[in-house]
Amino acid sequence: MYGSPLFTIIAHARSGALDHAWRLFREAGRLLKDQALAARGDERQGFYRQAAEAYGRAAAIDGAAYPLINAATLALLAGDAAQAETRAHQALDRLAAAGPDADTPYYLAATRAEALLLTGQVDQARRILREAIALAPRAWEDHASTLRQFALILDAKAESALWLDALRPPRSLHFAGHMGLSENTVGLAARVRAVLETERVGFGFGALAAGADIVIAEVLVEMGAELHLVLPAPAAVFRAASVEPLGDGWGRRFDVLLAQAETLRELGRPHDPPHPLGVRLAAEVAMGEAVMHARALASQPLQLLVLDAADQGDQKETGGSAWAGEAWCATNLPQCILHEPRATPTPSGPAPSPLVLAAVVLIAFSEGDTLAGATRLSQTVLPRLAEILADGPAPLSPPTWRGESVQVAFASPVDAARCAMRAASALNGLVTFQIAGAYDVAIRSAGPDGSILGPAATLPLEVLPLVPPGAILVSDLFAAAMQIGRWAEPGPRVEYVGDRPSSDLATPSRLFALKASPDAD
């Protein structure tokens, strides 16, 4: 007890440093709550009890309702329904006595709704939660956090949570479709609008080629939804290759939408035209971003495709719209397909090249510089890693061993993630290790080893110094693309941890931690 963080916090409180003690209590409570969500069974309930205690002590220091309502909910999740109800009533008393400046209007109302739910007043809780959302209608992340909390409470009470669906943030959409449409797209736009309105879409992720992409993007913007673009090449290069050949009208529409986009992600090298693998990478990233965005907002993603019913010739084309539809279907997520005939032929893409899509994993380990450490590596660690790599999945090229590290490339982030997770599990407790991963278009050398060259191979080396011991960090392209892979459920999860320092400020460099699902065995 005397060496625990909780004792340190109490000492600060008793010394009069209440603000600092309160901040420490909140941080401790959040950490314990996160640990509980990642744990299972009795261990999960134990963390919930500790988190409830931390928030309960914070409530004794601070007069706000926030720590008290968290202590109440955590007590319920820990199995103490009586204490949960007592603390919820106390939170309602504090809210009644609080002034309007005690917190934001949304959180004051949402806290009251949570307390009502904990005390069994479900109808009132539902009404107050609706009022809270109306006070901050675009605070999507706040809504999602509250809805997750409500879902946990309802699950603990063995009550239906279906009524929460009507209160969820708008859905996130991945959109794609064929080129070669007539520039008169009024009829198609009307059908697209009907789908987006019915499905309550508020966010769209996709490219902006002449044709269906632009039509869907225009409707999204007209409806007030956020437009997030992922292009397989820099915007000017992409415009020249995938917009201008279809007519000046499409170019003007492209320019308007580009200026209205909420975010723009440009893949590829500055002057290279879009390559089929780059098109596929952009599609994978856009699909993955839609999935991750929906999960962050506690809603469900949707895919909307516009295909030619008479000619779906791009079905086998890497990154084509029908290919994207097949990839999305593998996730068992909802999908809507509209059919619209082509008016003109689609321009052919560039000739094939020796490029590949590669997901590279770099596994580094250390036993120090002693002879005993080196012996342990050679006799225990390296053979264990060799077994893991030999068990599959098959890599793109043979593993590259470099002293106290091994680099291996796979055809998909799913295979690479499986390898990383298995390696972490095998090495945990055996040796100090770090794992970094990246996914991008790469060059496979013509030599006998078929080495992987390019950003997919160099980025893990840059990321590795940022990886804490025992952790796995992957690039944003890796994290997004693995969302649409074929997993044996439950698959691993990714959590955003920060940005990689980069001199190129125009290039996003987000990093994600790769972790086992809380529901995994």
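Descriptive notes on the structure:
- Filter pass, Leu220 being in contact with a helix residue (DSSP H, G or I) (Cβ under 9 Å, 6 or more places away or on another chain), closer than 25 Å to His271 by Cα and not aromatic (Phe, Trp, Tyr): no
- Scanning segment 440-455 for residues that are over 25 Å from Arg384 (Cα atoms) and at pLDDT 85 or above returns Asp440, Val441, Ala442, Ile443, Leu453, Gly454, Pro455.
- Pairing each residue of segment 400-411 that is of a type in the set (Phe, Trp, Tyr) with any residue that is in a strand (DSSP E or B), provided the two are 6+ apart or on different chains, yields C-beta distances under 7 Å for Phe410/Ala359.
For (1) modelled with pLDDT of 95 or more; (2) part of a helix (DSSP H, G or I); (3) hydrophobic (A, V, I, L, M, F, W, C), each residue gets a yes or a no:
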| residue | (1), (2), (3) |
| --- | --- |
| Glu183 | no, no, no |
| Ala189 | yes, yes, yes |
| Val192 | yes, yes, yes |
| Gly204 | yes, no, no |
| Ala209 | yes, no, yes |
| Ile216 | yes, yes, yes |
| His228 | yes, no, no |
| Gly251 | yes, yes, no |
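- Within segment 71-111, the residues that satisfy the criterion of being in a helix (DSSP H, G or I), of a type in the set (D, E, K, R) and surrounded by fewer than 24 Cβ atoms within 10 Å (Cβ to Cβ) are Glu85, Asp93, Arg94.
- Count - residues of segment 400-425 that are surrounded by fewer than 17 Cβ atoms within 10 Å (Cβ to Cβ), among the charged types (D, E, K, R) and in a loop (DSSP other than H, G, I, E, B): 1
- Residue list for segment 145-181, restricted to those being more than 16 Å from Pro301 (Cβ to Cβ) and part of a loop (DSSP other than H, G, I, E, B): Lys157, Ala158, Glu159, Ser160, Ala161, His178, Met179, Gly180, Leu181
- Taking the listed residues Asp142, Asp123, the one that is part of a helix (DSSP H, G or I), in contact (Cβ under 8 Å) with a residue 24 or more places away in the chain and either in the same structural domain as Leu154 (by TED's automatic domain parsing) or surrounded by fewer than 17 Cβ atoms within 10 Å (Cβ to Cβ) (or both) is Asp142, with no other qualifying.
- Selected residue (criterion: modelled with the lowest pLDDT) from residues of segment 363-399 that are in a loop (DSSP other than H, G, I, E, B) and crowded, with 16+ Cβ neighbours inside 10 Å: Glu367
The values are calculated or read from the model by the stated rules, or taken from the named source; none is laboratory data. A quick note: this is a predicted structure, and the numbers were derived from the prediction, not measured. We place every Cβ from the backbone using ideal geometry, glycine too, and count neighbours over all the protein chains shown.
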